[in-house]
Amino acid sequence: MSDYGSSEDHQPVTWVRGHAIYAAHFVVLVLVASMLATTVLMAFSVGALWTWLPFDSARVLQGELWRAFTYGLVNPPGLWFAVNMVIIVWFGRELEKHFGRRTFLLLYGCLYLLPPLIFTVIGLGRPIQFSGESSAFALFIAFATLYPNIAIFFSLLAKWVAAILVGIYSLVALSNRDLVGLISLWATVGFAYLFVRYEQGQLTLPKFNFARSDARSRAQSTSRSSKIGVKSSKNDSMAEVDALLDKIARSGLSSLTAKERAKLDAAREDLSKRNPN
């Protein structure tokens, strides 16, 4: 679970004429600049530059890995693009205030790279292409997960707005047979929800300590083996001593060889050390 960063991490990046500027504002600034560049390219029909940016699973698998990072820079102007920018500024800023700048950027970065990762794998069987910023709605889901009972949009609670919008977007994607859009929607929405729950401490990741377990098992096995070896050695020594005593009882002390007498003396010394009284 995150410790929500340092106090500095929760502060604005800078101030402009008394207005706080957060990392979410810089994300929007980059995306707006990409929209303006896209508009110019479209206006002058500069197709050669255009084709190098969108995600194409077949080309990524051929080595054009930059497409997983540049697909979000292809943003034609439109109403939904403007709405997405408002979502990033509004809800992204609140997430950044709560979790801190680094955690917010980690969340946005994961949401940005998740679709290319998924569709690169799916692209092994079916080529997939897409472009454009697609993480804004997932940031709203993260906000609704963090503040489910805040009233927004005609006094509706954030959790209900989130549920309604996810349902509507899912139905639209299904009606249009937009498998790419549906998978991207559910993947980013699910990740945003789980990310917030993890940061809140309500979700833990499984821990696999195979190396430590193997080391512990080996240590225990070695310990058991050493104990068994010591016990076996002691039992063998006592058996030899008993045999020597029997021989003395039958034939007298003079019947012992020099080696047997040395062994008997060693056993007597060992016994006297363990039982000094």
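Once Rh is set to the Kirkwood radius over Cα pairs, what Stokes-Einstein translational diffusion coefficient, in µm²/s, holds for region 8-199 at a temperature of 37 °C and a viscosity of 0.692 mPa s?
Working: Rh = 17.6 Å.
Estimated via Stokes-Einstein, D reaches 186 µm²/s.
Test of the criteria: in region 97-183, which chymotrypsin sites (Phe, Trp or Tyr not before Pro) are in a DSSP loop and have at most 12 other Cβ atoms within 10 angstrom of their Cβ? If you can, show how the numbers build up before the last one.
Working: sites: 99, 104, 108, 112, 119, 130, 137, 140, 143, 153, 154, 160, 169; in loops: 153, 154.
Filter output for region 97-183: 153, 154.
Where in region 21-64 are there chymotrypsin sites (Phe, Trp or Tyr not before Pro) that are in a DSSP coil and have at most 16 other Cβ atoms within 10 angstrom of their Cβ? Let's see the in-between values first.
Values: sites: 22, 26, 44, 50, 52, 55; in loops: 22, 44, 52.
Qualifying residues, ordered by number: 44, 52.
No value in this document is a laboratory result; all are computed from the given coordinates. Since we're looking at a predicted model, the values are computed, not measured. Here Cβ is always computed from backbone atoms with ideal geometry, including for glycine, and neighbour counts include all displayed protein chains.
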